[in-house]
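Reading through the structure tokens given below for one structure.
No value in this document is a laboratory result; all are computed from the given coordinates. This structure is a prediction, so every number in the text was calculated from the model and none was measured. Note that each Cβ is placed from the backbone with ideal geometry, even for glycine, and that neighbours are counted across all protein chains shown.
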Amino acid sequence: MPFLSVHDLSVQFATEDGIVKAVDGLSFDVERGRTLGIVGESGSGKSVTNLAVLGLHNPRNTAITGEIVLNGHELTGAPQRTLEKLRGNTMAMIFQDSLSALSPYYTVGRQIAEPFRKHTGASRKAARERAVEMLRRVGIPQPELRVDDYPHQFSGGMRQRAVIALALVCDPQLLIADEPTTALDVTVQAQILDLLKQLQQETGTAIIFITHDLGVVARICDDVLVMYAGRCVERGTVRDILTTPRHPYAWGLLSSVPRRKAPVDAPLRPIPGTPPSLLKPPTGCPFHPRCEFREYVGDTRCQDERPMLTLDSGRGAACHLPAEQQKSIFAEQIRPLLGRS
Amino acid sequence: MSEQLSLAKPALPSQRKGGPLLEVEGLTKHFPLRDGFLFKRQVGAVQAVDGVDFTIHEGEALGLVGESGCGKSTTGRLVTRLLEPTAGQILYQGHNITHTDRKHLAPIRSQIQMIFQDPYASLNPRQTVGTIITGPMEINHIQPPGGHEKRVRELLETVGLNPEHYNRFPHEFSGGQRQRIGIARALGMQPKLIIADEPVSALDVSIQAQVVNLLQKLQHELGIAFLFIAHDLAIVRHFSHRVAVMYLGKIMEIGNRTDIYETPRHPYTHALLSAAPEANPDDEQERIRLAGDVPSPINPPTGCRFRTRCWKAQQKCTTEEPPLLQIAGNNTGHLTACHYPQDPTTATP
Amino acid sequence: MLRFLVRRMLGAVVILLLISAITYLLFFTLPSDPALLSCGKNCSPQNVTLIHKNLGLDQPVPVQYGEYMAGILFGRHLPLGTCPAPCFGLSFAGNMPIWEIIKSRYPTTLSLAIGGAAAFLTIGVGLGLISAWRQGKPIDKIAGSVSLMGQSVQIYFIGPLAIYLFADTLGWTDPGHDPDWSHGPAGSISGLILPCLVMSVIFWSNYSRQTRSLMVEQLAEDHVRTARAKGMSAAYVFFRYALRGAMGPIVTIFGIDLGSILGGAIITESTFGLHGLGQLAVSAVTQTDLPLEMGVMLFSAAAIVLFNVLIDASYAVIDPRVRLS
């Protein structure tokens, strides 16, 4: 049984302009010891999904339907008290911006010790020792001194490590990392990705890694879910998605990023147009207004009929293109742009 | 437009398209730190840029890469004289513009335009697109044939926006479209040099490619020279003829794109290249991992600034600062500041 | 940190010196001759010369100012008698040392300020917190409307109304009188309840609105979300994280308000017939008692400047980014 199982999740926000369908019928599983990458651009619903899993959405304007089952427990509609016992304990989250994610008013050590005391009932002294140990584990030099520093006294890379230490302090079995390296420099990003991988090997934590960077996906993820306009458009292993993607949106993501081994002067192949408004998502396939391959399907099927995601041993794409055609278009038109054999 | 080239088949970038357009020598910017009990006195300086030399030829794109705090953005601002240099020289078409006053700088400034990272912050929300693009033209007394409005509509079309959007306001556009407005504004001045400071890093991936392609098209068709400042190595490689790698206010290595990306000699360039992730699951090369963070530019390491994170550093690196030279094994124009460079035969990391 | 405070203190002293110099210049070099004002009707030229001499007005202005300032620090001998430090001179009316007059009025002002501040801080911040906690709920809307009403009324309107209702009709409390702490607290407190509460209305409505918006802003901060993601309860996060962030701006406006009411609350005092600094200032102005006006003004300015330094100091206590930079 998967550790986290999300089934037919929908998240809707009430705004002044109308209802935003941020997530629309999303299903996925995460296994222990594996990393699921959720890939998408801003507004694709990837962050919203994970706030819903943690129950951190604003209940005043958010409606959630579907099932979120963590280790056999249903989380949708669970009382806050139950969720508070799970948050920071069984499931934890790493946020993107480490400067704003930590309170400027308390020491780093105190902020790390706090959930440990709450969830394990440890004494103040034991929790402080635990905080020092966590800072050491994430590679902060002189942790017994730095534990009393405030976040603004840390550099960006160290702060991100502290945020990771905070998330891992209760040995969570599910870790949700929301763009944890996007604000960092590449050399520090590499350090943080190594650290997460190493910690996962030690603890067998299941990780959901949210990112828009397919390079990061290649380095850390086992499985990938590509989101577009609040829906999953493609799923598969990291090798599936990066070497034989089937959905035109996944092709676009791959071919719009320049890569070091590609021929230098080939222009990038961007995805035309702009991401859709979730107040009025397109009919049928949400990607059809930007899709260059919809004439291969013919008629107006892409506009009229929503393609379903059918999985064959964990692999599938929500696209009306026949499987054979997906393969041939990718092989003939997209792969040559990627500079790979 | 001198030469019309289609987007699909851009010209191969030549090493030298023309004479030197911008020459920068020993460019330095120290931001003073002041402290004191009653009266403030200078107690130190943030050495943001510390003795940088480079040349941009007409129609050439020079990429400037490095991690945050390396001084690449400050360099861009110094070149446009948005900041006053502490020392060094800036020559534009042979004229020394390092300390030229505003009045005499104006005609040169209109030829050097800037594109900023944040398309939201760099456009006045109360002005229409037409006003935004016309403004700098009027200030610099540029009278396009057929009038301002006609020219703006042309420019909007050039950057891939609907000319009918002349009277719209910035908030009605998406991030990528706003960046296009910023580009149109810069083009209105008929610049010879564009300083693009992280022009796509605030945009979504799919939109980044649109803007990069647009800039590349302008570069090829209009022969505009670029100083392309970015932290993303792949985009810099894609866009630039030559590349300079900065670290803590100094250029570590500079050379043609192929030299920098295929046979990098400086350990920092190596580390940077190997840290940048590729969207390829088979990209299982050996990776160099730099430990720690970039040191503070207030108190940079003695000798070679990279030595505190370098795995090849020796005693000499502490005492002696390596000059930026064409070291043995480098191609012409490929300069490296390192005492113990990587073997030139080492393949790309 | 200590350096920062000492620097701010020195700055405050410089500001006070400037204020004193400007007020001195304005008061004593204006065309109206203080001697004439002091002398009253039927003044003979000899009298005027005598008063000039007595008041030191025959000296050049900088010397006069220097003597005035020295008097504040060390006391001075005036022809009409000694005036111990701090000496703000003698009042025209009655030739009393001004410091004695201020001292006699101060218990009222201080009591009113402390009582009023306690009332507006608890009521205002409390209402704001309730509103923020129950955002969008009926209680939030009610508190919002009440605050808006509070902000639009005037003391001289609700003061008499409150006296009529709570003192005269219901007889719950005293209509307000000057406190006399030497005769035990009971009598003093009963006379202060109504003035303090009425004065607090115009302040707390501002505090409740500020507190609410600051808290709403803080609750949307990333670090508050992080705290929730750690499993901390909503109430814990509300008080420990969000309130902590909202405290700085609240303390700032509190310091400014407290400083200003410590310099006298003119309207409240006159509405309730209290004799504090505000009243004193009004009577000094109406009687053109220049030395008294000047003394009260300097004293009020000192209170405001002092509280500004205290605000800065409290910032360092609240925010480690200020303390450690």
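Angle, helix A:108-120 long axis vs. longest principal axis of chain A, Cα atoms, 0 to 90°, nearest 10?
Approximately 90 degrees, to the nearest ten.
For chain C, take the longest principal axis of its alpha carbons; what is the angle in degrees between that and the long axis of helix C:2-28, to the nearest 10 within 0 to 90?
Between helix and principal axis, roughly 40 degrees.
Give me a single rounded figure for C:228-240: the average over its residues of other chain Cβ atoms within 10 Å of their Cβ.
Rounded to a whole number, the mean comes out at 6.
I'd like the FRET efficiency for B:Glu157 and B:Gln315, computed as 1/(1 + (r/R0)^6) with the beta carbon distance as r and R0 of 45 Å, rounded to 0.05.
So, using R0 = 45 Å, E works out to roughly 0.15.
Compare the peptides A:159-166, B:295-302, A:83-90, A:212-219 by average per-residue count of other Cβ atoms within 10 angstrom and give them in order, highest first.
A:159-166, A:212-219, A:83-90, B:295-302
Tabulate in residue order the Karplus-calculated ³J(HN,Hα) for region B:116-121, using 6.51 cos²θ - 1.76 cosθ + 1.60 with θ = phi - 60°, rounded to whole Hz; enter x for Gly and Pro.
So the J values, rounded to whole Hz, are 9, 5, 9, x, 7, 7.
Specify the angular offset, from 0 to 90 degrees and rounded to the nearest 10, of the alpha carbon long axis of helix B:129-139 from the longest principal axis of the alpha carbons in chain B.
It is inclined by approximately 80 degrees.
Say each of C:Leu25 and B:Thr332 gets a label point 7 Å from the Cα, pointing the same way as Cα to Cβ; how far apart are those two points in nm?
The answer from the label model is 7.3 nm.
Taking a ≥ b ≥ c as the square roots of the eigenvalues of the Cα gyration tensor of region B:45-174, is the shape rounded (a/c under 1.5), prolate (a/b larger than b/c) or oblate?
In terms of gyration-tensor shape, prolate.
As an exercise, take the mean of 1/r over every pair of distinct alpha carbons in chain A, invert it, and state the Kirkwood radius in angstroms.
21.3 Å
Between region B:27-95 and region A:315-340, what's the alpha-carbon centroid distance in Å?
47 Å
Please work out the C-alpha center-to-center distance from region A:131-173 to region B:214-258 and express it in whole Å.
36 Å
Give me the three principal axis extents of region A:96-193 from the C-alpha atoms, as integers in angstrom, largest value leading.
Taking max minus min along each principal axis of the Cα atoms, region A:96-193 gives 39, 29, 22 Å.
Can you list the aspartates and glutamates whose alpha carbon is less than 18 Å from that of A:Lys327, not counting same-chain residues fewer than 8 positions off?
A:Glu234, A:Asp240, A:Glu292, A:Glu295, A:Asp312
What translational diffusion coefficient, to the nearest whole µm²/s, does region B:99-232 have by Stokes-Einstein, given a Kirkwood radius computed over alpha-carbon pairs, a temperature of 37 °C and 0.692 mPa s viscosity?
218 µm²/s
Under a point spin-label approximation (7 Å from Cα along Cα-to-Cβ), what is the A:Glu305-B:Ile139 distance to one decimal in nm?
About 5.7 nm separates the two model spin labels.
Share of antiparallel DSSP beta bridges in the protein assembly as shown, in percent to the nearest 5?
That works out to approximately 60 percent antiparallel.
Antiparallel as a % of all DSSP beta bridges within chain B, to the nearest 5?
Given both bridge residues lie in chain B, the antiparallel proportion sits at roughly 60 percent.
Please work out whether the protein assembly as shown counts as rounded, prolate or oblate from its C-alpha gyration tensor, where a ≥ b ≥ c are the square roots of the eigenvalues and a/c under 1.5 means rounded, while otherwise a/b larger than b/c means prolate and anything else oblate?
Note, shape of the protein assembly as shown comes out prolate.
For chain B, what is the convex hull (Cα atoms) projected area averaged across all directions, in square nanometres?
The Cα convex hull of chain B, projected and averaged over all directions, gives 20.6 nm².
To the nearest whole number, what is the average tally of beta carbon atoms from other chains within 10 Å of the beta carbons of peptide A:95-108?
Mean inter-chain Cβ contacts per residue within 10 Å come to 5.
For an R0 of 35 angstrom, estimate the FRET efficiency from the Cβ-Cβ distance between C:Glu217 and A:Thr182 and round to the nearest 0.05.
0.90
Taking Rh as the Kirkwood radius, which is the inverse of the mean 1/r over Cα pairs, what is the Rg/Rh value for region A:242-338?
Taking Rg over the Kirkwood Rh, I get 0.98.
Region C:240-304 to region A:34-102: how many Å between their Cα centroids?
Each part's Cα centre sits 51 Å from the other's.
Please express the shape of region B:215-349 as an equivalent ellipsoid: the semi-axes are the square roots of 5 times the eigenvalues of the C-alpha gyration tensor, given largest first in whole angstrom.
25, 18, 16
How many partner chain Cβ atoms sit within 10 Å of a residue's Cβ in peptide A:247-260, on average, as a whole number?
5
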